[in-house]
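Step one of this worksheet: look at the structure below.
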Amino acid sequence: MSDPGGSRESVNLRLYVWQRVTAGALFWLPTSFLFFLSHHGLESTLRLASVYFLAVVVFEVPSGWLSDHVGRVGILRLAALSWVVAHGLYLAAGDSFAVVAGAQVMLALGFASKSGTDTTLLFDTLENLGRVAEFERLEARAAGSAFAATAVAVVAGGALGFVDLRLPFAASLAVAVLQFAGTLRMVEPRSHRPDHLIGNSGAWRIRPVLAYLRRPVLLWLFVFLTLQQPLEGMALDLIQPWLTRLLGSSFTEVGSAPLLSGALMAVISVVGALTARAVPALRRRLGATRALMALAGLETGIVLAMALTASPLILPLLALRSTQAAAAPVLVSTRVAPLLERHHRATFLSLGSLSGRLLYGLVLLGLGTRNDFDSVLGLAAVIALSSLALLVATSPLASPRPGEAGS
């Protein structure tokens with residue numbers, strides 16, 4: 001007999017790509033730092049960035065717990081609605097630091113809600129349909145489609161930003177509405193029923209998830225998730241002010257920087273799309289641990305190169321910035337999922353994401369104490385090199401144990 005519940009859930013497989021594509025259409029990605037810099041200067045811009053990451057820390061665990069114990073789909077709807085509000089606030093902000101900070105908080109709520117929930121929805125749906133073996137392929141395809149959407153959006157966003165730095169936020173507002181519409185058609189995987197998933201206590205049940213850190217491989221993956229965010233964040237957030245230096249522009253008069261930033265971000269996204277589709281082959285060739293360390297090494301190299309020179313010769317290196325963002329979530333999810341109970345997966349990933357964002361929020365506060373961009377880049381390079389050294393030194397923890405799933 002056919003499974004009516006499973007048949008209904010199959011709609012998630014079609015809508016999952018739509019969810020990832022609309023979430024990836026970040027028109028403001030090549031211009032947001034330029035927007036902040038033009039209104040608030042370098043020091044306040046770094047503080048605004050820290051507001052976002054520290055707000056994610058507040059929202060990350062509750063959203064992950066609600067995803068595990070109440071439902072995946074409702075949390076994805078919350079994410080889309082949060083982005084609708086956030087982009088509306090950016091458009092209304094003007095020169096108000098407080099309004100922009102409020103927009104950063106709402107943006108953080110959206111990303112925290114989505115973090116770990118989207119990939120776990122896919123895994124749960126496939127598990128209910130008896131198609132778990134397809135997870136890596138389908139997740140890689142969705143990630144590739146998301147990066148392709150980002151490539152188109154950043155080119156358009158760069159052009160829009162050249163006209164007016166507010167216009168990319170207007171385009172993202174429209175896409176957030178479409179994203180929410182897509183989540184309304186999703187179906188909650190039938191394993192998530194509040195009457196048996198909410199425990200005897202209303203407290204967040206984090207302790208059982210933290211207990212997994214006694215396993216060396218999961219501890220190392222958690223360390224990687226923690227350090228991944230500062231490495232990715234610095235390699236991305238410092239690109240826009242670095243480009244203004246390359247072009248001889250100022251933070252208040254950005255000139256053609258939005259156009260160059262949009263073009264560079266488009267190339268970065270295309271590289272990310274190609275990388276996402278190559279993840280299964282990458283894992284087979286290098287193994288998950290070596291692949292993750294190589295990705296971290298590449299991000300470190302990008303930060304170091306920006307600190308050493310403002311030369312167009314390193315633009316090809318900057319174009320590889322998305323490789324870790326494209327490959328690491330698939331590598332980590334594939335490695336982690338078989339080692340965790342179903343109702344702990346999203347919470348574990350959310351905790352790893354939370355610790356990384358907390359660390360990066362603190363890093364941004366530290367960078368914001370520097371008086372000039374040269375010293376910001378120098379400190380960022382030291383932090384990146386230290387992070388890579390820690391990952392390499394602790395990598396023996398990730399060696400598979402006998403009978404352990406994954407590789």
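The values are calculated or read from the model by the stated rules, or taken from the named source; none is laboratory data. This structure is a prediction, so every number in the text was calculated from the model and none was measured. Here Cβ is always computed from backbone atoms with ideal geometry, including for glycine, and neighbour counts include all displayed protein chains.
Of the residues examined, residue 381 is one that is modelled with pLDDT of 80 or more and either out of contact with any Gly (no Cβ under 9 Å at 6 or more places or on another chain) or among the small types (Gly, Ala, Ser) (or both). Just one of the listed residues (96, 115) is of a type in the set (Ser, Thr, Tyr) and more than 21 Å from the chain's Cα centre (by Cα), namely 96.
Candidates are the residues of region 345-367 that are farther than 14 Å from residue 233 by Cα and touching a Lys or Arg at 6+ places or on another chain (Cβ under 9 Å); the one that is modelled with the lowest pLDDT is 346.
Scanning for something surrounded by 20 or more Cβ atoms within 10 Å (Cβ to Cβ) and farther than 24 Å from residue 279 by Cβ, does region 113-129 turn up at least one residue? Yes; the residues of region 113-129 include at least one that is surrounded by 20 or more Cβ atoms within 10 Å (Cβ to Cβ) and farther than 24 Å from residue 279 by Cβ.
Figure legend. Inter-residue proximity from region 46-57: first residues surrounded by fewer than 23 Cβ atoms within 10 Å (Cβ to Cβ) and small (Gly, Ala, Ser), second residues at pLDDT below 95 and outside any helix (DSSP H, G or I), beta-carbon distance below 9 Å, spacing 6+ or different chains. Indicated pairs: 50/368. For region 16-44, which positions are hydrophobic (A, V, I, L, M, F, W, C), part of a helix (DSSP H, G or I) and touching a Gly at 6+ places or on another chain (Cβ under 6 Å)? Within region 16-44, 18 is the sole residue that qualifies. Screening residue 131 with (1) in contact (Cβ under 8 Å) with a residue 24 or more places away in the chain; (2) closer than 28 Å to residue 189 by Cα gives one miss only, at (1). Scanning region 363-379 for residues that are polar (S, T, N, Q) and closer than 15 Å to residue 304 by Cα yields a total of 1. Per the conditions (1) in contact with a helix residue (DSSP H, G or I) (Cβ under 9 Å, 6 or more places away or on another chain); (2) surrounded by fewer than 20 Cβ atoms within 10 Å (Cβ to Cβ); (3) within 21 Å of residue 147 (Cβ to Cβ), the sole criterion not satisfied by residue 268 is (2). Of all the numbered requirements in (1) over 21 Å from residue 27 (Cβ atoms); (2) assigned to a loop (DSSP other than H, G, I, E, B), residue 285 misses one, and that requirement is (2). Taking the listed residues 108, 98, 156, the one that is buried (at least 23 other Cβ atoms within 10 Å of the Cβ) and of a type in the set (Gly, Ala, Ser) is 108, with no other qualifying. All told, residue 215 falls short of being at pLDDT below 85, of a type in the set (Lys, Arg) and either surrounded by fewer than 16 Cβ atoms within 10 Å (Cβ to Cβ) or under 30 Å from residue 398 (Cβ atoms) (or both).
The helices (runs of 4 or more DSSP H) falling completely within region 289-407 that include 3 or more residues that are surrounded by fewer than 22 Cβ atoms within 10 Å (Cβ to Cβ) and β-branched (Val, Ile, Thr) map to 373-394. Screening region 227-250 for residues that are of a type outside the set (S, T, N, Q) and more than 20 Å from residue 366 (Cβ to Cβ) and picking the one that is surrounded by the fewest Cβ atoms within 10 Å (Cβ to Cβ) gives 248.
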